Amino acid sequence: MNGTPPDTGDLRPFVSLVLPVYDEAALLEVNLGLLVDYLATLEDRYRWEVLLIDDGSTDGTSEIVDRLASEIPNVRSFHHPVNLNIGQALRYGFSNCRGMYVITYDIDLSYSLDHIERLLDEIVSSRAKVVVASPYMKGGRVSGVPWHRKLLSRGANRFLSITSKSGVSTVTGMVRAYDRRFIQSLDLKAMDNEINSEIIYKAELLRARIREIPAHLAWTRNPEAPRRASIQLRRMTEGFAFSGFIFRPFMFFIVSGLVIGALASYALAWVAYHVVRFYGQTSGGFDARFSAAVKAAWLHSPHSFIVGGIALVVAIQLVSLGILSAQSKRYFEELFHLGSSILRRLPSDRSSEP
């Protein structure tokens with residue numbers, strides 16, 4: 001049955017390695033061979049399977065995936081008829097894996113193979129639900145990545161680490177180990193790379209234990225395989241900003257509201273200053289003097305009234321939205337806890353169609 005490893009009476013933990021692939025014909029066979037050879041060295045401790053999730057490839061990858069699955073007993077193949085992006089590919093892999101632990105990995109081997117054993121050692125010893133291979137934590141490093149992309153990725157992960165309050169240094173990383181029952185209990189929605197941030201977000205909501213290990217991300221391991229043009233900086237930036245908004249939506253509203261409120265305070269302070277100054281230059285009763293002072297201040301600096309007034313209204317609205325979003329997030333957390341508890345009590349057969 002799906003979700004259950006073969007019943008051999010073997011007490012070694014069963015591990016599922018999920019490999020999303022898209023147009024990887026140039027390197028798939030060689031790199032899968034390296035992965036299978038490496039997993040064979042762990043067989044004294046772990047049983048294993050490899051799930052190749054072909055995400056609608058158009059370069060012959062589909063045929064290679066099926067051939068390798070027929071030639072290697074521990075390899076299973078799955079296909080999307082069209083490209084549905086990595087989020088759907090990972091969800092499809094999660095729903096069909098059978099191991100006690102699930103490793104998600106990149107077929108380009110930009111993380112060396114020894115990360116697999118280190119991830120497994122950490123999730124077994126710590127009993128964590130998620131273990132992240134993190135090049136941005138202390139002891140981690142990055143090689144061969146263009147400086148502008150490295151700067152964006154490091155800055156974005158720092159931003160997401162702060163907004164998520166999870167303490168995870170590499171929120172967007174895909175190379176991870178999961179407790180299978182936990183990852184299958186999450187109701188994941190993201191279709192693209194945002195799924196990695198979504199998992200951290202929902203694991204945090206459930207107060208799940210998340211761990212990191214220092215990792216080495218090295219694009220130089222496959223110099224003959226160019227990085228895909230489809231992974232663009234603009235798309236990455238949009239994804240990071242969206243993930244940050246999901247983690248802490250009220251921060252975007254409240255911080256923006258406070259900044260605009262400071263601008264409103266500055267403009268209205270000038271209004272008050274001019275009103276007080278012109279008030280001292282008028283005569284008569286309070287009402288008459290105050291009205292004359294306001295009129296004179298308006299004639300002297302109408303933009304202060306306009307900018308200050310509009311900015312104040314916008315600031316109040318943004319802060320109010322921030323408070324409402326904080327309240328909505330709390331309601332969502334309660335509903336998510338409830339929904340996850342119900343899912344854990346459902347039968348474990350969670351098969352899905354691509």
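The values are calculated or read from the model by the stated rules, or taken from the named source; none is laboratory data. All of these numbers come straight from a predicted model, not from anything done at the bench. Cβ placement follows ideal geometry from the backbone for every residue including glycine, while neighbour counts extend to all protein chains displayed.
Restricting the range 101-130 to residues that are over 22 Å from VAL36 (Cβ atoms) and in contact (Cβ under 8 Å) with a residue 40 or more places away in the chain, the residue that is surrounded by the fewest Cβ atoms within 10 Å (Cβ to Cβ) is ARG127. Restricting attention to the range 132-144 and to residues that are surrounded by 13 or more Cβ atoms within 10 Å (Cβ to Cβ) and assigned to a loop (DSSP other than H, G, I, E, B), the residue that is modelled with the lowest pLDDT turns out to be GLY144. Set side by side, the residues LEU19, LEU90 differ, and just one is of a type outside the set (Ser, Thr, Tyr), crowded, with 19+ Cβ neighbours inside 10 Å and part of a helix (DSSP H, G or I), which is LEU90.
Checking ALA40, ALA69 one by one, the residue that is more than 22 Å from GLU117 (Cα to Cα) and assigned by TED's automatic domain parsing to the domain that holds VAL102 is ALA69 and no other. Looking across LEU90, LEU34, LEU84, LEU19, one residue alone is in contact (Cβ under 8 Å) with a residue 60 or more places away in the chain, farther than 29 Å from LYS189 by Cα and under 29 Å from the mean Cα position of the chain (by Cα). It is LEU34. In a helix (DSSP H, G or I) and buried (at least 20 other Cβ atoms within 10 Å of the Cβ): does that describe LEU52? For LEU52, the condition - in a helix (DSSP H, G or I) and buried (at least 20 other Cβ atoms within 10 Å of the Cβ) - is not met. Among all residues of the range 46-60, there is at least one that is of a type in the set (S, T, N, Q) and either modelled with pLDDT under 95 or not assigned by TED's automatic domain parsing to the domain that holds MET174 (or both).
Once the range 268-309 is narrowed to residues that are of a type in the set (Val, Ile, Thr) and touching a residue at least 24 places away in the same chain (Cβ under 8 Å), the residue that is surrounded by the fewest Cβ atoms within 10 Å (Cβ to Cβ) is VAL307.
Conditions (1) at pLDDT 90 or above; (2) of a type outside the set (Asp, Glu); (3) under 24 Å from ILE64 (Cβ atoms), marked per residue:
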residue: GLY3; (1), (2), (3): no, yes, no
residue: ASP10; (1), (2), (3): no, no, no
residue: SER16; (1), (2), (3): yes, yes, yes
residue: LEU28; (1), (2), (3): yes, yes, yes
residue: GLY33; (1), (2), (3): yes, yes, yes
residue: LEU39; (1), (2), (3): yes, yes, yes
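Return yes when SER352 is modelled with pLDDT under 90, of a type in the set (S, T, N, Q) and not assigned by TED's automatic domain parsing to the domain that holds ALA262 and no when it is not. Judged against the criteria, SER352 is a match. Residues satisfying the criterion are absent from the range 145-161 (criterion: surrounded by 17 or more Cβ atoms within 10 Å (Cβ to Cβ), of a type outside the set (A, V, I, L, M, F, W, C) and in a strand (DSSP E or B)). Suppose the filter is farther than 30 Å from LEU318 by Cα and either in contact with a helix residue (DSSP H, G or I) (Cβ under 6 Å, 6 or more places away or on another chain) or at pLDDT below 85 (or both); does ARG289 pass it? Spelling it out, ARG289 is indeed farther than 30 Å from LEU318 by Cα and either in contact with a helix residue (DSSP H, G or I) (Cβ under 6 Å, 6 or more places away or on another chain) or at pLDDT below 85 (or both).
Here is the figure for the range 70-95: residues that are under 11 Å from VAL18 (Cβ atoms) and among the hydroxyl-bearing types (Ser, Thr, Tyr) total 2. For the criterion of being aliphatic (A, V, I, L, M), over 24 Å from ASP114 (Cβ atoms) and out of contact with any Lys or Arg (no Cβ under 7 Å at 6 or more places or on another chain), ALA177 fails. Against the numbered list (1) over 22 Å from GLU194 (Cα atoms); (2) in a loop (DSSP other than H, G, I, E, B), VAL82 comes up short only at (1).
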